[in-house]
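A.B. asks: Starting off with a structure, shown below.
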Amino acid sequence: MKRYLPLFLLLAITTSTFSQRKSELFAEIDTLKSRISEVEQELAKAKREISSSSAEAETLKAENISLRDANATLLGNLSNFSELSKQNSENVDRAMEALARKERQLSGINDMISANDSTAIVSLTRIKQTLGENAKVGVDGGIVVISNSLSALFDSDTSSELTEEGKTWLTGVANVIKTNPNFKTEVEGLNITGEFGLTYNQVAAVASELVTVLEIPAESIAISAKDGNFKEGVNIKLRPDYKGFYAKAKESAKGGQ
């Protein structure tokens, strides 16, 4: 028995040591498991953070793309606005130039109208000097109108033969016509009875005296007869040369362009 005692002691020591070592191993295993669990938790947390960061990065990337697109659109709009503003400015400039041309044209035409009116007024003064202050002379719409009664010209409203007084008056009218060659002459008869044949004969007699006796060119005289609306007599109308006026107005319009 004593012979086996050392062996039992060795076996007991070995068993005790092995048991202690086994406990230490289990403890280390538990420790490692705990660390693994912590590492896994940290890894899971890191994955979540990485996932969140990736999502934020994608969001930022999408926002960046959207901002770039918006910026490109804004730049395009600014370019279009700049071009439109330039075109509008050019349109305004062209409109102002056209307006200035029209103003020059109208100014030239107004000047010619004023000149015609002034000519008529000056002619009125000269005509009164030629025919006398008692002469019936006026201006209507730029037309000089010299009037006389049927009794003074024909001695009655039913005659078409000129009186000496009428011939003398026509001599003065002829001098007026000759000194105003730019005016067109119209002999106008006014009638209140409706007998326009007689009125036409009367104005024809006046025109014949002016042409055949007083040497007024026939092409410069026109005759007409119309209802006088309770007035009768003969008017000698001196009209401005509208054809020449419009020709000048046309040239003025061209010059204003």
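Throughout, read-outs are computed from the coordinates displayed, never taken from laboratory work. Treat the numbers as computed from the prediction; the structure is a model and nothing was measured. Every residue, glycine among them, receives a Cβ derived from its backbone with ideal geometry; neighbour counts consider all protein chains shown.
A.B. asks: Work out, in µm²/s and without decimals, the Stokes-Einstein translational diffusion coefficient of segment 143-239 at 4 °C, 1.567 mPa s, Rh from Kirkwood over C-alpha pairs.
C.D. replies: For these conditions, the coefficient is 99 µm²/s.
A.B. asks: Same structure again: Would you please give the FRET efficiency between Leu75 and Ala95, computed as 1/(1 + (r/R0)^6) with r the Cβ-Cβ distance and R0 = 25 Å, to the nearest 0.05?
C.D. replies: 0.25
A.B. asks: Same structure, new question: Below 15 angstrom from the Cβ of Gly76, what's the summed charge of the other residues (Lys, Arg +1; Asp, Glu -1)?
C.D. replies: -1
A.B. asks: Between Ser156 and Glu38, with labels modelled 7 Å along Cα→Cβ, what's the label distance in nm to one decimal, could you check?
C.D. replies: 15.2 nm
A.B. asks: Could you please report the charge total around Glu40, scoring K, R as +1 and D, E as -1 over all other residues with beta-carbon less than 12 angstrom from its beta-carbon?
C.D. replies: +2
A.B. asks: Modelled label-to-label distance, Ser224 and Ser51, 7 Å Cα→beta-carbon offset: nm?
C.D. replies: Going by the 7 Å Cα→Cβ label model, 10.4 nm.
A.B. asks: With r defined as the distance between the Cβ atoms of Glu165 and Asp140 and R0 fixed at 30 Å, what FRET efficiency is calculated, to the nearest 0.05?
C.D. replies: About 0.75, to the nearest 0.05.
A.B. asks: Still on this structure: Considering only the other residues whose Cβ falls under 13 Å of the Cβ of Glu209, what net charge follows from Lys and Arg at +1 and Asp and Glu at -1?
C.D. replies: Summing Lys/Arg as +1 and Asp/Glu as -1 gives -3.
A.B. asks: With a 10 Å radius around each residue's Cβ, average the other Cβ atoms per peptide and rank 227-234, 211-218, 150-157, highest first.
C.D. replies: 150-157, 227-234, 211-218
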